[in-house]
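Derivation of every value follows stated rules applied to the coordinates shown; laboratory data play no part. Quick caveat: nothing in here was measured; it's all calculated off a predicted structure. Note that each Cβ is placed from the backbone with ideal geometry, even for glycine, and that neighbours are counted across all protein chains shown.
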């Protein structure tokens, strides 16, 4: 299995952060809720390949990205519809539309599998970007573990204003009570159609950013930089990436 270690970095990396990345890599290697482990690893590999895709580069330059046809430079044997989803998320997420989502779900992929795919891409992006920022090589993807997807869909998930069904903050069932702690957060609801993906991704968030209770504890600084400096960086990066959370 591919392992994560920041010993090659010129910068010291906190032990809790390394451990969170190791947990995320382990999570990526296991069967998920709707996807088996081989599919999850393939999605991660395709997300990496998308950065060198010529079609994506042409779409990025176009005023009408949905009008640019062609074939992606793919690194996997995933279904073409999945490859297109992954490449669009990686290369030009700011111009995805609800209409695109509506045309995709039920034809190319189910809503649950779509949320899990997005989560795999998000996990991969968080860890790869961290490695690049430290000047480290990207970590080899882990080997896929055997087993079948759980296929669990929370009964409380419904349309709550997002494109995908989510669990509203005050409507969760007993199985999700551990996740819905602290102050309500729309962004934290985003992956709750697939609760295990939400748990794993926000485990990364707690260590790369801040744990939930610390976000609004302005009497104490938990990192080497202040709350204000963290939010300045987050806001600038969000603007560059056209993220309107």
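Per-structure values
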item: Sorted by Cβ density within 10 Å, fewest first, the residues 233, 64, 141; result: 64, 233, 141
item: Sorted by Cβ neighbour density within 10 Å, fewest at the top, the residues 220, 60, 188; result: 220, 60, 188
item: Choice from 66, 201, 130 showing the highest fluctuation, given a GNM over the chain with Cα pairs closer than 10 Å; result: 66
item: Centre separation in Å (Cα based) which lies between region 86-145 and region 27-79; result: 8 Å
item: Theoretical gain in end-to-end length, residue 242 to residue 151 [0.36 nm per residue, Cα-Cα removed]; result: 29.5 nm
item: Inter-label distance, nm, simple model (7 Å from Cα along the C-beta direction), residue 226/residue 18; result: 3.1 nm
item: Relative exposure of 163, 100, judged by other C-beta atoms within 10 Å (fewest first); result: 100, 163
item: Residue 66 paired with residue 187, simple spin-label distance in nm, labels 7 Å along Cα-to-beta-carbon; result: 2.7 nm
item: Residue 162 paired with residue 58, simple spin-label distance in nm, labels 7 Å along Cα-to-beta-carbon; result: 3.4 nm
item: Shape of the chain, Cα gyration tensor, a/c cut at 1.5; result: rounded
